[in-house]
Amino acid sequence: MQMSEGVEWAVHSCLNLAWAEPGSAVPVSKLAAFYELPAAYLNKQLQALARAGIVTSSSGPRGGFRLARDPAAVTLLDVVTAIEGSQDAFRCQGILRHGPGGREGVDYRAVCAVSQAMRHAELAWRRELAGRTLADIMASVESTSPRTPEATRHRIASL
């Protein structure tokens, strides 16, 4: 499975919003400039996050994006689902139905060993993402680079 680059951009943008000045909205232009990303494409990712209730946006001279929830209440799965959608990565097409011994009317998603193994792996992946929050990532970054929050605020202000 391959996720789009929008997932990486969205997670990093959420972290930057979490470290931004409290109460301030960060314009998409500054979020994009932070990593030299195309603002129009990043804006699409941020709009998807807004539809999912992860960020909010405001317009006007002081407009921009801010986190809508506490970082501890936003999981990596929330972000991935907002950007990529909630469809299963593996979609069993029931090809066994057309192979030797195949029968119509059998739900091969339920009885196929390949389908079951793939679903089991995807559930483990989703559980792992659901168990990690933005706050967890922030804590990990801050433990190795304690100046990151301050440096992020400074960089956003200088863009």
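The values are calculated or read from the model by the stated rules, or taken from the named source; none is laboratory data. Bear in mind that the values here come from a model prediction, so they are computed numbers and not experimental data. Methodologically, a virtual Cβ is constructed for each residue, glycine included, from the backbone with ideal geometry; neighbour enumeration extends over all protein chains shown. Areas reflect the complete protein model, heavy atoms only, side chains present, ligands, DNA and RNA absent. Shrake-Rupley method; radii C 1.70, N 1.55, O 1.52, S 1.80 Å.
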> Of the residues that make up segment 5-14, is at least one under 26 Å from Trp125 (Cα atoms), without any contact (Cβ under 8 Å) to a residue 40 or more places away in the chain, among the acidic types (Asp, Glu) and surrounded by 14 or more Cβ atoms within 10 Å (Cβ to Cβ)?
Replying inline: yes
>> Can you say whether Ala110 is modelled with pLDDT under 90, among the aliphatic types (A, V, I, L, M) and not in a helix (DSSP H, G or I), as far as the supplied structure shows?
In response: no
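Matching residues to (1) free of Cβ contacts under 8 Å to residues at least 24 places away in the same chain; (2) open to solvent by 40 Å² or more (accessible area, probe 1.4 Å):
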site	(1), (2)
Val79	no, no
Gln93	yes, yes
His98	yes, yes
Tyr108	yes, no
His120	yes, yes
Ile137	no, no
>> All but one of (1) closer than 22 Å to Ile54 by Cα; (2) under 20 Å from the mean Cα position of the chain (by Cα) hold for Ala121; state the number of the condition that does not hold.
In response: (1)
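Considering only segment 42-52, state which residues are free of Cβ contacts under 8 Å to residues at least 40 places away in the same chain, surrounded by 13 or more Cβ atoms within 10 Å (Cβ to Cβ) and out of contact with any Leu (no Cβ under 8 Å at 6 or more places or on another chain).
Matches in segment 42-52: Asn43, Lys44, Gln45, Gln47, Leu49, Ala50, Ala52.
Those residues that are part of a loop (DSSP other than H, G, I, E, B) and open to solvent by 30 Å² or more (accessible area, probe 1.4 Å), I need them from segment 16-39; list them, please. Quick ask: steps written out before the conclusion?
Residues of segment 16-39 that are part of a loop (DSSP other than H, G, I, E, B), as a first pass: 20-25, 27, 35-38.
Passing the criteria: Glu21, Pro22, Gly23, Ser24, Pro27, Tyr35, Glu36, Leu37, Pro38.
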